[in-house]
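Everything on this sheet refers to the single structure shown next.
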Amino acid sequence: MVIGLGQRFRSDDGVGPFVLDKIRPLLSAQADLRECASDAADLLDLWDGQPVVYLVDALSSASGTVGEIIRIDGIYEKIPVEFGASSSHALGLAEAIELGRTLKKLPQRLLIFGIVGAKFDLGNQLSPLVEHAAKAVINELTNLVTTDLVNKEMFDA
Amino acid sequence: MTQSKTKTIKVDYLARVEGEGALFVKYDDQGVQDVKLKIFEPPRFFEAFLRGRDYKEAPDITSRICGICPVAYQMSAVHAMENALNITPPAKIRELRRLIYCGEWIESHILHIYMLHAPDFLGYESAVLMAKDHPKAVERGLRLKKAGNALVALLGGREIHPINIRVGGGYRAPEARELLSLKEELKWGRDAARETVLWAAGFDFPNFERDYEFVSLAHEHEYPFNEGRLISNRGLNISPMEYDSHFQETHVEHTNALHSSIIGRGAYLAGPLARYNLNFDKLSPLTQDVAKEIRFPSYCRNPFQSIIVRSLEVFYAFDEALRILENYEKPDQSYVEAPIKEATGYAITEAPRGLLYHRYSIDSNGKITDAKIVPPTSQNQQTIEDDLKELVSQSLQLPETELTRRCEQAIRNYDPCISCSTHFLKLHLSYASPLAKGET
């Protein structure tokens, strides 16, 4: 499963859905592609019991470099607070993972791609550096999903 | 004589509320000197950029004001446009609109009850920490919210910023079997909502009451969602068209959100407590039975008990949704139309947080020439500050940390949606003229 987390109309917060849009023509047959626009608590039902989940989200960080890609193992590593709520109505990703841990609703593997953004105001365009980083994540995800599929086929054979 | 020491409660960033706001309270042994609910969420200018857009775009544009109550904006927008164009959708479409509003009330109220407000009453900093000790309750809340989301998604096309709402009705009406596929989950939801009421009723509530002017819609036959007159417990009884003659908005220096008041009277309270107090007899019999089961009165002036009222409204929403589902007949046409004309239209609907007023003027080509939107959170701002003033006055003996916590809890009584409340700000620019410097 590949999840794009974020709001399409909040500029760089839309990088998750942007990645999803780009990989859909390539991977829709191999992976379950889901967009989560607001409440990270919705993730609990989406990813519960899934063997592998790749999640793409924007980061708002005063100390990070715009366009930096941060990869985190969501099961075993601590999620930085910069993975804040994509909607101020709802839970952020870090809280959703902790909630999932408490309620035992986590996937078996969770790899998070966080892309440090610059702008989170109203808008439907990504910053150039964020878009550049998104393309790198797209390539990496394509390789990962394809490799997972090959490994699964070998295991099932 | 000993001078009383002035103390300050300052919360730079309110937690567990939507949007960005801060709290400032200055008090001493004699009482409260100053209270400010500072909304620093930036203004968003929706009313300005609606001008020039087509009247049909109003529900889609205004829904972007909020991610948790987009249906409310769409309902107020379509009803105002239909008021302008003399469109009266048939009863079957009316029922679908009540049904999608049930979904929104459920998801919005449940998010607030379980994730934002219950932690206050149970002594937790967050819902995540609360879940460690109350996992079953939190799981119930998550499943309840999902049921509300499912209703909105089925009727609106998606959960956030639905795409199936339009002036005159909807782009597509569901088949009866599609609605009935939700029936079992809604029945579970109604039972779980009753458990939510019982759970909330067991919390400890501060003994706090004020003499509010409660304002809500009222309808002859039903608990109000989309239609009715605007009434209060102090004699107000007007149509939405008369709203501007009785209410005013003021820009207060310390906040980006306008303060609403009743002209000549002042602050008022909108939202679940107002609806409940003014319309208890219109709640379904089963909902009234649940209120009686917990010995909750039909009139409540304690804003801390709004969590119980929200829980009762969630029960009502499930009960009403089941009623509509079980009697649903697909409309022959999913929407109705009328000729465009130059006109002004008005509407008030009951968003989860309270009254949402829209007014639009359109020209003979259907282009919006003027728009006014008054969300519930800006309507309650003065009341929230007045509550804080009274609360601190009554609680001077509390340690500062406890008093701060109680003030934050008091703000959360209103489930404020700060992003909604900053949709508009008048911007005055003054330019220094180069000619004044002698330039040519």
Calculated [θ] (222 nm, deg cm²/dmol) that DSSP helices of n ≥ 4 give over chain B, each run adding -39,500 (n - 2.57):
-12500 deg cm²/dmol
Give me a comma-separated list of calculated 3J(HN,Hα) values for the stretch B:367-384, in order, Karplus coefficients 6.51, -1.76, 1.60 applied at θ = phi - 60°, integers in Hz, x for any Gly or Pro.
8, 6, 9, 7, 9, 9, 10, 10, x, x, 5, 5, 5, 8, 4, 5, 5, 4
For the protein assembly as shown, what is the Kirkwood hydrodynamic radius in Å, using each pair of distinct C-alpha atoms?
25.3 Å
Express in whole angstrom the spacing between the alpha-carbon centres of the stretch B:142-160 and the stretch B:329-350.
24 Å
For chain B, the longest stretch holding no GluC sites (Glu not before Pro) located in a DSSP loop with at most 10 other Cβ atoms within 10 Å is which?
B:1-219
Cα-Cα P(r), chain B, percent of pairs per 20 Å interval
26, 57, 16, 2, 0
For chain A, what does the equivalent ellipsoid look like in terms of its semi-axes, each the square root of 5 times an eigenvalue of the Cα gyration tensor, given largest first in whole Å?
24, 19, 13
Amide hydrogen neighbours beyond the local backbone of residue B:294, cut-off 5 Å, H modeled:
none
When only Cα pairs under 8 Å and 6 or more residues apart are kept, what is the percent relative contact order across chain B?
26 percent
Pairs of Cα atoms under 8 Å, at least six residues apart: use those to get the relative contact order of the stretch B:229-284, whole percent.
21 percent
Need one number for the stretch B:55-123: average projected area of the convex hull over its C-alpha atoms, nm².
5.4 nm²
Based on the Cα atoms of the stretch A:1-77, what semi-axes does the equivalent ellipsoid have, where each is the square root of 5 times one gyration tensor eigenvalue, given in whole Å with the largest first?
20, 16, 13
Which ³J(HN,Hα) values, rounded to whole Hz and listed in residue order, are derived for the stretch B:158-172 from phi using the Karplus coefficients 6.51, -1.76 and 1.60 in 6.51 cos²θ - 1.76 cosθ + 1.60 with θ = phi - 60°, glycine and proline given as x?
6, 6, 9, 6, x, 10, 9, 9, 8, 4, x, x, x, 6, 8
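Multiply the residue separation of residue B:136 and residue B:178 by 0.36 nm, subtract the distance between their alpha-carbon atoms, and state the gained length in nm to one decimal. It would help to have the intermediate numbers written out before the result.
Values: separation 42, 0.36 × 42 = 15.12 nm, distance 2.95 nm.
Roughly 12.2 nm would be gained on extension.
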In a Debye calculation with equal point scatterers on the alpha-carbon sites of the stretch B:290-346 and no solvent, what is log10 I(q)/I(0) at q = 0.13, 0.15, 0.19, 0.20 Å⁻¹?
-0.65, -0.72, -0.80, -0.83
So, with points 7 Å from each Cα along the Cβ direction, the residue B:143-residue B:51 label distance in nm works out to 5.2 nm
List the residues, sorted by chain then number, that are 5 or more residues from residue B:170 or on another chain and whose placed amide H is less than 5 Å from its amide H.
B:335
Compute the longest continuous run of chain B that contains no exposed chymotrypsin sites (Phe, Trp or Tyr not before Pro); treat a site as exposed when its DSSP state is not H, G, I, E or B and it has at most 16 other Cβ atoms within 10 Å.
B:300-430
Between residue B:8 and residue B:210, 0.36 nm times their residue separation minus their Cα-Cα distance comes to what?
70.4 nm
Per residue of the stretch A:2-10, what does 6.51 cos²θ - 1.76 cosθ + 1.60 with θ = phi - 60° give for ³J(HN,Hα)? Whole Hz please, x for Gly and Pro, Karplus curve as stated.
10, 10, x, 9, x, 9, 4, 9, 10
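Among B:196, B:377, B:401, which comes first, then next, by fewest other beta-carbon atoms within 10 Å?
Ranking B:196, B:377, B:401 by Cβ neighbours within 10 Å, fewest first, gives B:401, B:196, B:377.
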Net charge of neighbours whose Cβ lies under 12 Å from the Cβ of residue B:82, counting Lys and Arg as +1 and Asp and Glu as -1
+2
For the stretch B:153-280, the spread of Cα positions along each principal axis, largest first, Å
52, 43, 36
Of all trypsin sites (Lys or Arg not before Pro) in the stretch B:246-323, which ones are in loop regions per DSSP and have a Cβ with at most 12 other Cβ atoms within 10 Å?
B:295
With contacts defined as alpha carbon pairs under 8 Å and 6 or more residues apart, what's the relative contact order of the stretch B:95-206 in percent?
27 percent
Just for the Cα atoms in the stretch B:307-387, what are the lengths along the principal axes, largest first, rounded to whole Å?
47, 44, 11
Classify the stretch B:218-374 from the C-alpha gyration tensor, please: rounded if a/c falls under 1.5, else prolate or oblate depending on whether a/b exceeds b/c.
oblate
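Computed from the coordinates by the stated procedures, all read-outs in this text should not be read as laboratory data. Computed from a predicted model, the values in this text were never measured in an experiment. Here Cβ is always computed from backbone atoms with ideal geometry, including for glycine, and neighbour counts include all displayed protein chains.
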